[in-house]
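One structure below.
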Amino acid sequence: MEDLSIIDQLIKKARAAQEKIADYTQEQIDDVCRAVAWQVYKDDNIAQLAKLAVEETGMGKVEDKITKHKNKVLGIIVDALAFKSVGLIERDEAKGISKYAKPVGVIGALTPVTNPTATPASNAVAILKGRNAVIFAPHPRSKKASALAVKMMREVLKIVGAPQDLIQVVEEPSIEATGELMKKVDLVVATGGAPMVKAAYSSGKPAYGVGPGNSCQIIDEDADINDAADKITTSKTFDNATSCSSENSIVIQKKIYDAMVKALKDRGGYLCSAEEKARLKDYMWKPNKHGEMTINAGVVAKSAKEIAAGAGLNVPDNTKMILVECGMPLEEDLFAEEKLSPVLAIFKYGEFMEGVEILRRLTDNCGTGHSCGIHSFNKEHIEYLGLHMKSSRIVVRQPQASANGGAFFNGMPSTVTLGCGTWGNNITSENISCKHFINVTWVSEPIPLNRPADDTVWGGYFKKYGR
């Protein structure tokens with residue numbers, strides 16, 4: 001039986017640390033957030049973290065992880081500094097309502113093997129903003145990288161006079177230790193795969209989880225082909241597709257299909273033949289102990305060249321991603337699912353509603369509620385997706401890997417944790433940000449009586465249907 005007393009020790013220290021900052025002013029907690037963010041934004045520190053993350057996990061690219069750190073941490077600290085998290089945060093005179101922000105307490109944050117340093121770095125800033133403490137539970141295969149990020153952030157807390165135990169990590173993570181942590185914190189944040197999220201929701205504590213990704217894009221007939229190809233290639237190949245927001249499938253209008261495929265090939269895409277697709281499929285998916293086909297861990301966040309070599313495909317040296325043509329019924333094609341690798345499924349459609357149907361079935365098959373996108377200038381088509389797609393975020397003419405979680409070229413809140421709504425079995429459809437890490441007390445004062453007459457409310461109904 002594993003000794004889980006370490007979890008009790010971490011919780012005890014976290015509660016003591018959190019109590020010391022529970023009465024911090026806005027200025028004091030903002031200084032804490034600035035200090036922590038700067039520590040994991042500095043070039044030298046980021047380089048160390050990115051290098052160790054790739055060495056330990058074998059996933060992704062050092063240069064892209066550096067870029068991810070820069071963009072995520074900067075975006076989150078900018079959002080955090082603009083957010084009120086102390087004292088009176090809102091006053092509505094007309095309704096006599098005052099809202100006061102309070103800490104949540106101690107938060108347990110589960111981090112994924114695909115993003116072991118930028119996730120704790122980003123979540124720490126958002127969590128601390130609410131005057132909370134956080135204990136990170138990393139994936140066992142990335143425990144060293146996550147622990148180094150935590151070590152760096154703990155060191156800088158001393159500079160602003162804050163207790164170091166505001167940020168801690170489970171140094172020897174396990175399923176049992178993480179389960180024990182989730183039972184004893186005040187709130188759980190689960191950024192990772194479906195089993196992790198399911199465990200978080202089963203912990204008995206409030207939890208923010210995320211659904212699976214499987215981001216998909218429609219390439220409409222009026223799309224700027226070169227712009228779309230640039231953005232899709234950049235997004236799909238960034239950090240070898242470790243992001244759950246990397247495009248997994250694109251649905252191309254038939255009139256521009258050949259031109260779009262050529263544009264992707266010109267940017268390092270390799271289009272598989274039918275025989276090569278079969279070989280690639282056999283390599284990328286293997287039966288688990290239950291006989292279910294699951295993604296081969298050996299392809300996750302590997303380069304296109306490595307994946308091709310493993311599948312026995314002979315591809316050019318400049319290959320950045322592998323393209324696979326798919327058809328219907330897509331539910332029977334494993335390539336229509338989330339792949340977490342630079343492998344892109346391609347579908348063709350005729351009329352717009354046919355493209356929407358493919359998009360809907362792609363997200364319903366895997367990734368309901370997460371995200372989709374469209375490269376189009378047609379306002380009616382964009383609005384149709386907004387009205388009808390069961391997606392929590394729809395990006396227009398943008399690279400999904402960077403756009404979904406907030407970027408300086410859009411107005412989405414910066415985050416590394418994407419809620420997928422009830423469609424994805426999540427409690428929220430929002431990007432998880434500072435506002436999700438505070439409790440809010442509503443103080444209600446009396447106002448002049450403002451009860452409406454029955455006719456004011458039902459007058460139109462009475463005229464149409466009677467009383």
Note to self: Being touching a residue at least 60 places away in the same chain (Cβ under 8 Å), within 15 Å of the chain's Cα centre (by Cα) and crowded, with 23+ Cβ neighbours inside 10 Å: is that true of G373 here?
What the structure shows: no
Margin query: Give me the strands (runs of 3 or more DSSP E) completely within the stretch 82-123, filtered to those with at least 3 residues that are under 28 Å from K51 (Cβ atoms), ordered by residue number.
Written below: 106-110
Margin query: Go through the stretch 261-302 and report how many residues are in a loop (DSSP other than H, G, I, E, B) and either farther than 16 Å from S341 by Cα or touching a Lys or Arg at 6+ places or on another chain (Cβ under 8 Å) (or both).
Written below: 9
Next item on the list: Among the residues of the stretch 423-448, write down those that are at pLDDT below 95 and among the aliphatic types (A, V, I, L, M).
Entry: I427
Next item on the list: Kindly indicate the residue of the stretch 133-151 that is open to solvent by 10 Å² or more (accessible area, probe 1.4 Å) and either outside any loop (DSSP other than H, G, I, E, B) or at pLDDT 95 or above (or both) and also farthest from L10 (Cα to Cα) among those meeting that condition.
Entry: R141
Checklist line | Test set (1) within 20 Å of T417 (Cβ to Cβ); (2) out of contact with any Pro (no Cβ under 6 Å at 6 or more places or on another chain); (3) at pLDDT below 95; (4) β-branched (V, I, T) - I175 fails condition number | finding: (1)
Note to self: Within the stretch 187-204, does at least one residue satisfy the condition of being touching a Cys at 6+ places or on another chain (Cβ under 8 Å), surrounded by 20 or more Cβ atoms within 10 Å (Cβ to Cβ) and not in a helix (DSSP H, G or I)?
What the structure shows: no
Notebook entry, point to check: Is one or more of the residues making up the stretch 378-394 in contact (Cβ under 8 Å) with a residue 40 or more places away in the chain and hydroxyl-bearing (S, T, Y)?
Noted result: no
Notebook entry, point to check: Restricting attention to the stretch 1-45, which residues are assigned to a loop (DSSP other than H, G, I, E, B) and open to solvent by 20 Å² or more (accessible area, probe 1.4 Å)?
Noted result: M1, E2, D3, L4, A22, D23, Y24, T25, Y41, K42
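The values are calculated or read from the model by the stated rules, or taken from the named source; none is laboratory data. From a predicted model like this one, the values you see are computed outputs, not experimental measurements. Every residue, glycine as well, gets a Cβ built from its backbone with ideal geometry; the counts of neighbours run over all protein chains shown. Please note that ligands, DNA and RNA were not included when accessible areas were found on the heavy atoms of the full protein model with its side chains. Shrake-Rupley method; radii C 1.70, N 1.55, O 1.52, S 1.80 Å.
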